[in-house]
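S.K.: Would you mind keeping the following structure in view while I ask a few things?
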Amino acid sequence: MNKNFAVIGAITIITGIGLSIYQKQNPSNNNSINTSQYEKNNVVKVISAQEFAKLVKTKNTFLLDVHTPEQTHIPDTDAFIPFDKIKENTDKLPQDLSTPILIYCRSGGMSQQASKEIASLGYTNIYELEGGSDVYKESNVNVSLTPNTKNLGTVTYGDIATTTFTFTNYSPMPVKITRISTSCGCTKASVKKEKLEAYESTIINVSFDPAVHKDDTDLGELTRTIYIETDNPNFPSLESSFTATVIKEK
């Protein structure tokens, strides 16, 4: 064998062994590893408050609060399940295992445990809020009326349908509801608490009486709106609506 080739071969082997040892000791420099500090595994991703807020506004996501004791929820939260009671409350989770589930608690510890439990149930798109709602509050000040719309389904003329909306002061300052009104006399709205402290919420009770006018003006497919006015200059007015199909029994 040519001595030059033998030397080159030996150098190549030694270099390869050294590179292998270096890569094991320095995994961040290994090009074959494509992970980030926010990714625990294929289905649970820990994301920033800014990224989380964008997903909250995305349709078809499921927002879940797992903090105990129960706290004021981030607006548009779909469900509250204690972090250690996930498997006992699977009926509250989406049936579609591919639904993006956004999980949060107050500081991040409880949501971490809940994320693992939900992943074990077969869900494939789980997003955990890094730092919890304590961090989320700093960059997502909001006063809201949720949900944006509700469907009451079929309402029989002569019956009174009821529903609720949630008014949330997700801001560091108190807020006062100065006026509540509706788009039609067939709809009435009242609030349990007019003045809310920072990060507090209250229920808006709504009733719908399609027969109030004693005629047929409130039959068929209808949309009615609830208006809220506040003393917060950044959120002076809010509104939500409901839809209903009103029929008369034969």
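S.K.: Per residue, how big is the convex hull around the C-alpha atoms of the stretch 58-113? Give it to me in cubic angstrom, could you?
M.R.: Value for the stretch 58-113: 85 Å³ per residue.
S.K.: List the lysines whose alpha-carbon lies under 24 Å from that of K92, not counting same-chain residues fewer than 8 positions away?
M.R.: In chain and number order, the partners are K45, K54, K57, K59, K116, K150.
S.K.: Quick one: if the Förster radius is 22 Å, what FRET efficiency do T243 and S181 give, using the C-beta to C-beta distance and rounding to 0.05?
M.R.: Computed FRET efficiency for T243 and S181 comes out at 0.75.
S.K.: In whole Å, what are the extents of the stretch 142-247 along the principal axes defined by its C-alpha atoms, from largest to smallest?
M.R.: Between the extreme Cα coordinates on each principal axis of the stretch 142-247 lie 46, 20, 20 Å.
S.K.: To the nearest 20 debye, what is the magnitude of the charge dipole of the stretch 44-139 about its Cα centre, counting +1 on the Cβ of each Lys and Arg and -1 on the Cβ of each Asp and Glu?
M.R.: 180 debye
S.K.: When only Cα pairs under 8 Å and 6 or more residues apart are kept, what is the percent relative contact order across the stretch 86-144?
M.R.: Normalised by residue count, the contact order of the stretch 86-144 is 39 percent.
S.K.: If you rank F208, F83 by fewest surrounding Cβ atoms within 10 Å, what's the result?
M.R.: Fewest to most other Cβ atoms nearby, the residues stand as F83, F208.
S.K.: Here's a follow-up. Fully extended, how many nm does the chain gain between T99 and T223 (0.36 nm per residue separation, minus their Cα-Cα distance)?
M.R.: 41.8 nm is the gain from fully extending T99 to T223.
S.K.: Residue-wise, which Karplus ³J(HN,Hα) couplings in Hz belong to the stretch 163-169, taking 6.51 cos²θ - 1.76 cosθ + 1.60, θ = phi - 60°, and x for glycine or proline?
M.R.: So the Karplus estimates, Gly and Pro as x, are 7, 9, 10, 10, 9, 10, 9 Hz.
S.K.: Still on this structure, please answer the following. Which residue, T156, Y123, Y136, has the largest displacement toward the positive end of the dipole of the stretch 110-250 when charges sit on each Cβ (Lys, Arg +1; Asp, Glu -1)?
M.R.: Checking the options against the dipole of the stretch 110-250, the answer is T156.
S.K.: Could you give me D for the stretch 44-139, from Stokes-Einstein at 4 °C and 1.567 mPa s, where the hydrodynamic radius is the Kirkwood radius over C-alpha pairs? Units µm² s⁻¹, please.
M.R.: Reported coefficient: 101 µm²/s.
S.K.: Using Cβ counts within 10 Å as a stand-in for footprinting exposure, how do S120, S201 rank, fewest first?
M.R.: Least crowded to most crowded, the residues run S120, S201.
S.K.: Of L121, L64, L55, how do they rank once you tally other Cβ atoms within 10 Å and put the fewest first?
M.R.: Fewest-to-most Cβ neighbours within 10 Å comes out as L121, L55, L64.
S.K.: Test of understanding: what is the full-extension gain from K214 to T202, defined as 0.36 nm times their sequence separation minus their Cα-Cα distance?
M.R.: Here the segment from K214 to T202 would lengthen by 1.0 nm.
None of the figures in this text is laboratory data; all of them are computed from the coordinates on show. Values in this document were obtained by computation on a predicted structure and should not be read as measured data. Because the Cβ atoms are built from the backbone with ideal geometry, glycine has one as well, and the counts that use them run over all protein chains shown.
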